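Right, one structure below, let's go through it.
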Amino acid sequence: MTRRGFTVLAKEHDDLVTVERPKVVAGIATAAAEGDRSENAEYIYGKKRLRELDKRLRYLVSLLKDVKIVDPEKLSGDRVCFGSTVVVRTGDNTVKEYTIVGEGEADHRDGSISWKAPMALALMGKRVDEIVVVQRPVGEIELEIIDLKFAGRSWREPPEKVSTS
């Protein structure tokens with residue numbers, strides 16, 4: 001998982017545990033105190049919301065447990081890997097960028113895709129100027145890798161040296 005992804009998911013987990021879940025539990029307690037629970041919409045909705053929160057918390061815990069954090073700023077090389085941003089050209093000359101991230105941090109709105117996605121699996125290990133055929137559920141697509149970046153830095157540039165003093 002990238003450091004950014006870890007930070008976002010850890011914050012969500014903390015917010016759910018310290019803010020949202022206690023608020024829902026308090027709402028359920030208040031609704032339960034009103035009497036007949038079988039016809040109490042607030043109680044029924046509260047219990048449903050609590051189940052949803054607990055499910056999300058279990059998912060977040062599974063993602064954050066034993067996580068290995070990858071810092072894209074320290075990556076280098078000439079092959080597409082976890083944490084890299086790959087720039088591709090499609091058959092109709094459209095240029096797109098995809099950043100390969102962990103399963104729970106992928107968000108198509110910012111161009112990040114899970115390392116388990118068909119697109120990422122097809123791109124992993126490939127080099128700039130290679131043509132890649134991606135098998136997608138909606139059909140295959142041919143992509144040309146035109147650039148590779150690590151935290152915005154071109155793959156041709158070495159990572160900055162971190163001083164230890």
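Which peptide among 31-44, 108-121 comes first, and what is the full order, when sorted by highest mean count of other Cβ atoms within 10 Å? Don't skip to the end; give the middle numbers.
Working: 31-44: 12.3, 108-121: 15.1.
In descending order of packing, they fall as 108-121, 31-44.
Which whole-number percentage describes the relative contact order of the chain, with Cα contacts under 8 Å and a sequence gap of 6 or more? Intermediate results must be reported in sequence, preceding the final value.
Values: 249 pairs, mean separation 36.8, N = 165.
Reported relative contact order: 22 percent.
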For the chain, calculated [θ]222 nm from helices alone, where every DSSP H run of n ≥ 4 adds -39500 (n - 2.57) = -10500 deg cm²/dmol
inquiry  = If you fit an axis through the alpha-carbon atoms of helix 21-32 and take the longest principal axis of the Cα set of the chain, what angle between them do you get, 0 to 90°, nearest 10?
reply    = 30
key: Subset of Lys116/Lys149; Lys11/Lys96; Lys11/Lys74; Lys23/Lys47; Lys55/Lys96 violating a 22 Å alpha-carbon distance limit   = Lys11/Lys96; Lys11/Lys74; Lys55/Lys96
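Step by step: find N for segment 23-165, compute 2.2 N^0.38 Å, then divide the Cα radius of gyration by it. What's the final number? Could you put the intermediate results ahead of the total?
Working: Rg = 22.5 Å, N = 143, 2.2 N^0.38 = 14.5 Å.
Here the Cα radius of gyration is 1.55 times the empirical estimate.
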ask   = How large is ³J(HN,Hα), in whole Hz, for each residue of segment 127-141 in order, when computed from phi with the Karplus curve 6.51 cos²θ - 1.76 cosθ + 1.60 and θ = phi - 60°, using x for Gly and Pro?
value = 10, 4, 6, 7, 9, 10, 9, 9, 8, 10, x, 8, x, 7, 9
remark   = Between Arg51 and Thr90, the two model label points (7 Å from Cα along the beta-carbon direction) sit apart by a distance in nm of 3.9
key: Using alpha-carbon coordinates, inclination of helix 41-64 to the longest axis of the chain, degrees   = 30
remark   = Taking Cα atoms only, helix 3-15 is inclined relative to the longest principal axis of the chain by an angle, in degrees rounded to 10, of 0
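A short reminder: the numbers here are calculations on the coordinates, not readings from a lab. Source: prediction; values computed, not measured. Ideal geometry is used to build each Cβ from the backbone, glycine not excepted, and the neighbour counts take in all protein chains shown.
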